[in-house]
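The block underneath contains the structure these notes are about, expressed in structure tokens.
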Amino acid sequence: MTSHTLHLADDIAGTLPVQVHFSAAEFADRRRRLQEAMTGRGIDCLLITRLEDQYWLAGFDSGAASVFHVLFFKADGTMLHLSRSADLGNIGFTSQCRDVRVVDDRHGWSRGMAIRDALESLGCKGGVAGVETDSVGMPLALHQELTHAVDGWCALTDSSQVIRGLRRVKSAEELAHMRRAGEILAEASATTIDMVRPGVSEGDLMAEFQKVVYSAGGEVFAGFPHGSGKRAMLVRPVSGRGTVGENDQVLFEPGAAFRHYCVATMYSVLTGPVVDPRHRAMHDACVDALEEVQSTIKVGATFGDLYEAHRSVMARHGFEHAALQACGYNMGAVWETTWMEPPFMAADVPLVLEEHMTIFTHMILLDRSTGLSMALGETVEVTTNGPSQISTVPRAVMVK
């Protein structure tokens, strides 16, 4: 493999982005916080490979999460994009960073050497480069190339959690986007719930949901857990669509985003004319568990505390065998294929709740012995007064 000479995208330098979703003061505060975090960790330059982190720091908006692209950020605030020609349009349209170096796709070029060349242009020889390795943008092969390219030239350190940790606590501007996403989600969910009846296609329900979201200016994920009958036992999307029947169970775990900030909810809709009393018992357990978990959401509580609140209620109702071993996670600006942000709310997880974090708590029962499912879930903001709802679900059993 050979080193690759980078060239400057001079048509972007000196211009301003067309699409900006946050104020200049917001971006400046994010850069300041990141500089402080890097200085505290001894990182001279951060190699940002996760799209949501590039979006948070610079506003860069693109859908090619697995294609080569690195945003460099130095501890002095200097930024640089290293990208392919295909991404120049998105960079010019959205990114606060206007220093762009371009590589081409010729056979045999070394991505690792291209990153080293960019680091050298930033004066990073002999320094410490933090790398986001927990990312589809930094696969093992690329990391091996990079490690070989900078061996003896600079030091590398895993910095995957630096920006992720900063993003957990939302600003007022971020919360406004999430609350708008919650409004869009509520409208789309109400529309699809009204459509549920025996004979309706799951595909028609999904199509109507997406129509409402897009018409409201939101974004949807390619798929979310949704199905009737045996498919209501699945909490991961699968290919194909079924048809809702009589005396059926229909599981929904829909999400909607606004400016990439995603909000989720979760609920089950039953059809008649006969409703299995076991479904009602499962619903009662989910309601009680959701209420108990939300009463535990306080600044200073841990994810482990929330999980234990969930587990204990499910056990008291006799459904611990059907409950999942996690009951939620962080929410924010994320890219497909998932809106989940680690870690999960599970036993003993020590992550501490802070004011203005946004989390999704889901109470899910999947009884494999009976083939019955039930779920309730809401997204909330953590405040000093407890949870503030961003998405809501009815507490009464929904029967159509």
Being over 21 Å from Phe224 (Cβ atoms), touching a residue at least 24 places away in the same chain (Cβ under 8 Å) and among the hydroxyl-bearing types (Ser, Thr, Tyr), is that true of even one residue in segment 347-364?
-> no
How about segment 118-141: which of its residues are modelled with pLDDT of 95 or more and acidic (Asp, Glu)?
-> Glu120, Glu132
Considering only segment 306-400, give the strands (runs of 3 or more DSSP E) lying wholly within it that have at least 3 residues that are farther than 30 Å from Asp134 by Cα.
-> 358-367, 372-383, 386-389
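Let's see how each residue does on (1) closer than 22 Å to Gln144 by Cβ; (2) touching a residue at least 40 places away in the same chain (Cβ under 8 Å); (3) part of a helix (DSSP H, G or I):
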| position | (1), (2), (3) |
| --- | --- |
| Glu26 | no, yes, yes |
| Ala37 | no, yes, yes |
| Phe68 | yes, yes, no |
| Phe72 | yes, yes, no |
| Asp76 | no, yes, no |
| Leu80 | no, yes, no |
| Gly92 | no, yes, yes |
Being in a helix (DSSP H, G or I) and more than 22 Å from the chain's Cα centre (by Cα), is that true of even one residue in segment 9-22?
-> no
Going by the structure shown, is Ser295 assigned to a helix (DSSP H, G or I), out of contact with any strand residue (DSSP E or B) (no Cβ under 9 Å at 6 or more places or on another chain), polar (S, T, N, Q) and at pLDDT 95 or above?
-> no
Looking at Met138, is it closer than 30 Å to Val18 by Cα and in contact with a Ser or Thr (Cβ under 7 Å, 6 or more places away or on another chain)?
-> yes
Subset of segment 318-341 [surrounded by fewer than 18 Cβ atoms within 10 Å (Cβ to Cβ) and more than 15 Å from Thr379 (Cα to Cα)] = Gly318, Glu320, His321, Gln325, Glu336, Thr337, Thr338
Which members of segment 383-392 meet the condition of being surrounded by fewer than 22 Cβ atoms within 10 Å (Cβ to Cβ) and touching a strand residue (DSSP E or B) at 6+ places or on another chain (Cβ under 9 Å)?
-> Gly386, Pro387, Ser388, Gln389, Thr392
Candidate set: segment 75-86, residues that are buried (at least 20 other Cβ atoms within 10 Å of the Cβ) and not hydrophobic (A, V, I, L, M, F, W, C); chosen: the one farthest from Ile43 (Cα to Cα) = Ser83
Within segment 117-135, is even one residue over 26 Å from Gln35 (Cβ atoms) and not small (Gly, Ala, Ser)?
-> no
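The values are calculated or read from the model by the stated rules, or taken from the named source; none is laboratory data. What you are looking at is a predicted structure, and each value in this text was computed from that prediction instead of being measured. Note that we place each Cβ from the backbone using ideal geometry, even for glycine, and neighbour counts take in every protein chain shown.
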